[in-house]
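Beneath this line is the structure, given in structure tokens, with notes to follow.
The values are calculated or read from the model by the stated rules, or taken from the named source; none is laboratory data. Quick caveat, the model's predicted, so the values are computed rather than measured. Please note: Cβ atoms are built from the backbone with ideal geometry, for glycine as well, and neighbour counts cover all protein chains shown. The protein model used for the area step is the full one, side chains on, heavy atoms only, and it has no ligands, DNA or RNA in it. Shrake-Rupley method; radii C 1.70, N 1.55, O 1.52, S 1.80 Å.
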Amino acid sequence: GGSDAAKRRAGERAAEDVADGFVVGLGTGSTTAYAIRALGRAVDDGLEIRGVPTSFQSRQLALEVGIELTDLDAVDGLDLAIDGADQVVDDADAAAHGALIKGGGAAHAREKLVDAAADRFVVVADPSKLTTRLERSVPVAVLPDAHTVVADRIRDLGGEPTLRDAGEKDGPVVTDNGNLVLDCAFGSIDDPDELATRLSAIPGVVEHGLFVGMADATYVGTDDGVETRHY
Ligand code: DER
């Protein structure tokens, strides 16, 4: 992925948008981790916030840095969600400007829930995530016993599904919610909104990694600063 300096700048820039009293959605991945660490330092300096984690990983890190945690059903909405992405459409002339592929960390079911629940959702990324057209595989979280029938439907849609292998254990990745992940290659995705609708309609699909029309802004860390995209 991109440089740590770029990721750190993006994460720390997003943390600056968090005001006293905020309830903040805490995304998953290495870029958002910089935002979570920055928020931990702000809490040490007296900032009073509550965090809603999007994964076991972000929960662990938030606890480690001292951010008070809460849950969606215990608050009246979220002020801001900060999260990373695997790809971000960066083309102001494109209808899909600001569309994301997420799910590299297999946390996208809870991420989409939390990111969508926030009044404002900002993405933190390094330049390697920017693209003019989404073309990475789309992670699709599926009920475990549905993975073969969902794979068949993905092929009907022109995709090539691959069950995500765990690597550190025998067998497939199992998400925090106990689901499996199909990484679905569709090539270049001309109409992410249309594909998102089709994927959501497949029985057995828990959540897919197309986040269309959700992000309000992206902070792009560079080697010497931060660029902001507003959508
Ligand atoms: O899983 C996700 O959607 C994450 O946000 C992730 O893919 C981005 O991870 P990174 O910040 O470590 O690149």
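Are any of the residues in the range 195-213 more than 20 Å from Val88 (Cβ to Cβ), part of a strand (DSSP E or B), touching a helix residue (DSSP H, G or I) at 6+ places or on another chain (Cβ under 9 Å) and open to solvent by 70 Å² or more (accessible area, probe 1.4 Å)?
There is no residue in the range 195-213 that is more than 20 Å from Val88 (Cβ to Cβ), part of a strand (DSSP E or B), touching a helix residue (DSSP H, G or I) at 6+ places or on another chain (Cβ under 9 Å) and open to solvent by 70 Å² or more (accessible area, probe 1.4 Å).
Could you say which residue among Gly29, Gly2 is crowded, with 24+ Cβ neighbours inside 10 Å and within 13 Å of the ligand (Cβ to nearest atom)?
Values: Gly2 fails: crowded, with 24+ Cβ neighbours inside 10 Å.
It is Gly29.
Would you point out the residue of the range 60-85, among those that are free of Cβ contacts under 8 Å to residues at least 12 places away in the same chain and either more than 16 Å from the ligand (Cβ to nearest atom) or under 24 Å from Thr218 (Cα atoms) (or both), that is most open to solvent (accessible area, probe 1.4 Å)?
Applying the filter and picking the extreme gives Asp76.
Any chance the range 150-160 includes a residue that's out of contact with any Phe, Trp or Tyr (no Cβ under 7 Å at 6 or more places or on another chain), open to solvent by 10 Å² or more (accessible area, probe 1.4 Å) and within 12 Å of the ligand (Cβ to nearest atom)?
Within the range 150-160 (the criterion being out of contact with any Phe, Trp or Tyr (no Cβ under 7 Å at 6 or more places or on another chain), open to solvent by 10 Å² or more (accessible area, probe 1.4 Å) and within 12 Å of the ligand (Cβ to nearest atom)), the answer is no, since none of the residues qualifies.
Yes or no, residue by residue, for (1) under 21 Å from Val174 (Cα atoms); (2) small (Gly, Ala, Ser); (3) at pLDDT 95 or above:
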position: Ser55; (1), (2), (3): yes, yes, yes
position: Gly77; (1), (2), (3): no, yes, yes
position: Leu80; (1), (2), (3): no, no, yes
position: Arg120; (1), (2), (3): no, no, yes
position: Ser137; (1), (2), (3): yes, yes, yes
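Quick one: count up the residues across the range 43-58 that are open to solvent by 30 Å² or more (accessible area, probe 1.4 Å) and touching a residue at least 24 places away in the same chain (Cβ under 8 Å). So that I can check it myself, show each step before the final result.
Of the residues in the range 43-58, the ones open to solvent by 30 Å² or more (accessible area, probe 1.4 Å) are 43-48, 50, 56-57.
Narrowing further to those that are touching a residue at least 24 places away in the same chain (Cβ under 8 Å): 43, 47-48, 50, 56-57.
Of the residues in the range 43-58, 6 are open to solvent by 30 Å² or more (accessible area, probe 1.4 Å) and touching a residue at least 24 places away in the same chain (Cβ under 8 Å).
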